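Data first, discussion second: the structure below is written as structure tokens.
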Amino acid sequence: MRVPLSKLAYARSGDKGDGSNVGVVAYSPEIYTFLKRELTADRVKNHFREICFGQVDRYEADNLLALNFILHDSLGGGGSESLKTDAQGKTHGLGILYMEIDVPEDLAIPG
């Protein structure tokens, strides 16, 4: 079954200079285990391929059921240098939640 990431987790994001920080927090330990396997740095890089021109680093926070991604070179120089209307990483949290992901039928997804 294919679902948007928003059915499995919520996200928070921010920016620092020319990079954005995107945290993805799973709704349950079972979902977190699944996301640790499926939500790779390469997959996130591909999802943001039109705006992220640097590498993507992934950090695991098992105690929070969270994955944290750093999207390097994703803000066009940062808020004060970019010609983009909103060159801030706060929008990347919402953007990652639109990613569609194939999940097994037996994975319990909250209502």
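Quick note: the coordinates plus some simple rules give every number you see, no bench work behind them. Predicted model only: the values in this text are computed from it and were never measured. Because the Cβ atoms are built from the backbone with ideal geometry, glycine has one as well, and the counts that use them run over all protein chains shown.
Taking the longest Cα principal axis of the chain as reference, the axis of helix 29-38 is set at about 60 degrees. Our summary gives the chain a relative contact order of 41 percent, counting only alpha carbon pairs under 8 angstrom and 6 or more residues apart.
Shape summary of the chain, radius of gyration then Dmax from alpha carbon positions: 14.0, 47 Å. The label-point distance for TYR27 and ARG43, in a model that sets each label 7 Å from Cα toward Cβ, rounds to 1.7 nm. Taking other C-beta atoms within 10 Å as the exposure proxy, GLU60, GLU50 rank GLU50, GLU60 from fewest upward. Extension gain, ARG12 to PHE53, is 12.7 nm, computed as 0.36 nm per intervening residue step minus the present C-alpha separation. Computed from point charges on the beta carbon alone (+1 for Lys and Arg, -1 for Asp and Glu), the dipole magnitude for segment 2-102 about its Cα centre is near 180 Debye.
Label-to-label distance, LEU94 versus MET1, with points set 7 angstrom from Cα along the beta-carbon direction: 2.7 nm.
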